[in-house]
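Read the structure below first, then the notes.
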Amino acid sequence: MTEDPRHPPSVMERVRAAIAHHGPISFAEFMDISLYGPGGFYERPPIGERGHFITSPHVHPVFARLLSLALRDLWDRTGRPEPFRLVEMGAGDGTLAAQLLEQLAGLPLAYSAVERSPEARVRLAGLRIRVAEGLGDLGPELEGCVLANELIDNLPFHRVRRTSEGELVELRVAAGPSGLAEVEVPAPAEVERASPQLRRGEEAAVSLEALRLIEELAGFLTAGYVLLIDYGDASGRPAGPVHGYRDHRPVGEILRQPGGTDITAGVDFAAILRRAMELGLEAHGPVTQRDALLSLGYGTWTEAERERQGELLRSGAGAEAVRTWSGRNRADLLIDTEGLGGLNWLLLATPGLDPPGWIG
Ligand SMILES: C[S@@+](CC[C@H](N)C(=O)[O-])C[C@H]1O[C@@H](n2cnc3c(N)ncnc32)[C@H](O)[C@@H]1O
């Protein structure tokens, strides 16, 4: 597509150009253009209360505080290498990175962030950490830890459906007379192999990119752990419907406004576990975020905050007591299984490392 830099094409025009060029596009290509292309949803970080959705580090710093205990434990279990190399993938605007740097002060930490979004990379660079566009830019290998919070669900995925005749079809994106439309084509073998089990009429997201990322990580990590935190399911059945997200609300019409909404689906942890184990990694979990945070001491933290609230009230610092109370209430979203507590934590490890108690 030849572009006039003074009038860059809209995201919808880019999608239409791709369809005109090579026919109905896979949903993964549609996502790639809509989320990560010029003008796409992730061109600048969309997270936070004033953005389109919130993630755990935006809810309350106790998330990073407890996560830092898990990371210290992983550092211990890998023999306390110096430096402790920690790579955060899909680090967004750096909210979690900034909090973890504070919590892990005192450790010989070498923190790197890998981010696809150009403006997010600019913000991350402000934290004076190493920032890269891809894992490969950080060198050939890693002894340390990789962390990714809500990355996998945003990697471009294919969509499949089991028809009433029992055939597995891929749902592609075509240009219809009044907008974009879904069309069915026979599912390619690679997509079919990676698909969860579907009954007739059921649909699922199939993330070949997630499996490629696991392959990349297995080649990159010589010794250490990968901690993946995401929505999803490990049953081998569809892990949740594909949906858009905008202004803190789900959006059903995912083809209507490319670039204007997030696109996501629950992660098929069964496929990830299978591929990780085929590649020789060991897997622990997944467990719910609720269980992980409770094992890491959430209950002790909230009780200490409650006592502090009481002391503040007794000493006449009412406004501060109310702030403590409201912080505690807000933090409870992190362990509420109807909220962020329903996220899954999955730990992958190179062979021979002990499973930590907090992952169950
Ligand atoms: C849902 S956001 C999560 C951001 C952050 N981890 C948080 O918890 O707030 C997903 C992030 O992953 C980034 N991303 C998507 N694909 C990526 C990839 N292949 N490599 C690195 N970052 C990626 C997006 O740009 C986005 O910033």
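What the table below lists for this structure:
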{"quantity": "Residue within the stretch 193-205 that is in contact with a Pro (Cβ under 9 Å, 6 or more places away or on another chain), within 16 Å of the ligand (Cβ to nearest atom), in contact (Cβ under 8 Å) with a residue 12 or more places away in the chain and under 24 Å from Thr337 (Cα atoms) present", "calculated": "yes"}
{"quantity": "One residue from Gly342, Gly360, Gly316, Gly327 being on the phi > 0 side of the Ramachandran plot and either of a type in the set (Val, Ile, Thr) or surrounded by 13 or more Cβ atoms within 10 Å (Cβ to Cβ) (or both)", "calculated": "Gly360"}
{"quantity": "Close pairs (6 angstrom Cβ cut-off, 6 or more residues apart or separate chains): aliphatic (A, V, I, L, M) and within 14 Å of the ligand (Cβ to nearest atom) in the stretch 103-119, part of a loop (DSSP other than H, G, I, E, B) and modelled with pLDDT of 95 or more anywhere", "calculated": "Ala113/Ala91; Ala113/Ile129"}
{"quantity": "All positions within the stretch 110-151 that are farther than 17 Å from Gly94 by Cα and in contact with a Leu (Cβ under 7 Å, 6 or more places away or on another chain)", "calculated": "Leu142, Gly144, Cys145"}
{"quantity": "Sole residue being out of contact with any Phe, Trp or Tyr (no Cβ under 9 Å at 6 or more places or on another chain) and either hydroxyl-bearing (Ser, Thr, Tyr) or within 16 Å of the ligand (Cβ to nearest atom) (or both), chosen from Ala181, Ala148, Ala175", "calculated": "Ala148"}
{"quantity": "Subset of the stretch 152-185 (residues that are of a type in the set (Gly, Ala, Ser) and in contact (Cβ under 8 Å) with a residue 24 or more places away in the chain)", "calculated": "Ser164, Gly166, Ala174, Ala175, Gly179, Ala181"}
{"quantity": "Selection count where residues are modelled with pLDDT of 95 or more, among the small types (Gly, Ala, Ser) and surrounded by fewer than 20 Cβ atoms within 10 Å (Cβ to Cβ), scope the stretch 40-67", "calculated": "0"}
{"quantity": "Residue list for the stretch 206-234, restricted to those being more than 13 Å from the ligand (Cβ to nearest atom) and assigned to a strand (DSSP E or B)", "calculated": "Val206, Leu221, Thr222, Ala223, Gly224, Tyr225, Val226, Gly232, Asp233"}
{"quantity": "Val87 being more than 16 Å from the ligand (Cβ to nearest atom) and touching a residue at least 40 places away in the same chain (Cβ under 8 Å)", "calculated": "no"}
{"quantity": "Some residue of the stretch 202-209 being over 19 Å from the mean Cα position of the chain (by Cα) and either surrounded by fewer than 20 Cβ atoms within 10 Å (Cβ to Cβ) or at pLDDT 95 or above (or both)", "calculated": "yes"}
{"quantity": "Qualifying helices (runs of 4 or more DSSP H) (wholly inside the stretch 76-195; at least 1 residues being surrounded by fewer than 22 Cβ atoms within 10 Å (Cβ to Cβ) and modelled with pLDDT under 95)", "calculated": "118-125"}
{"quantity": "Residue list for the stretch 309-325, restricted to those being basic (Lys, Arg) and under 34 Å from the mean Cα position of the chain (by Cα)", "calculated": "Arg323"}
{"quantity": "Test: residue in the stretch 65-82 that is near the ligand (Cβ under 10 Å from one of its atoms) and over 22 Å from Thr324 (Cβ atoms)", "calculated": "no"}
{"quantity": "Given (1) at pLDDT 95 or above; (2) touching a Phe, Trp or Tyr at 6+ places or on another chain (Cβ under 7 Å), number of the condition Arg16 does not satisfy", "calculated": "(2)"}
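The values are calculated or read from the model by the stated rules, or taken from the named source; none is laboratory data. Note that the coordinates shown come from a computational prediction; the quantities given were computed from them, not determined experimentally. Glycine gets a Cβ as well: all are built from the backbone with ideal geometry, and neighbour counts include every protein chain shown.
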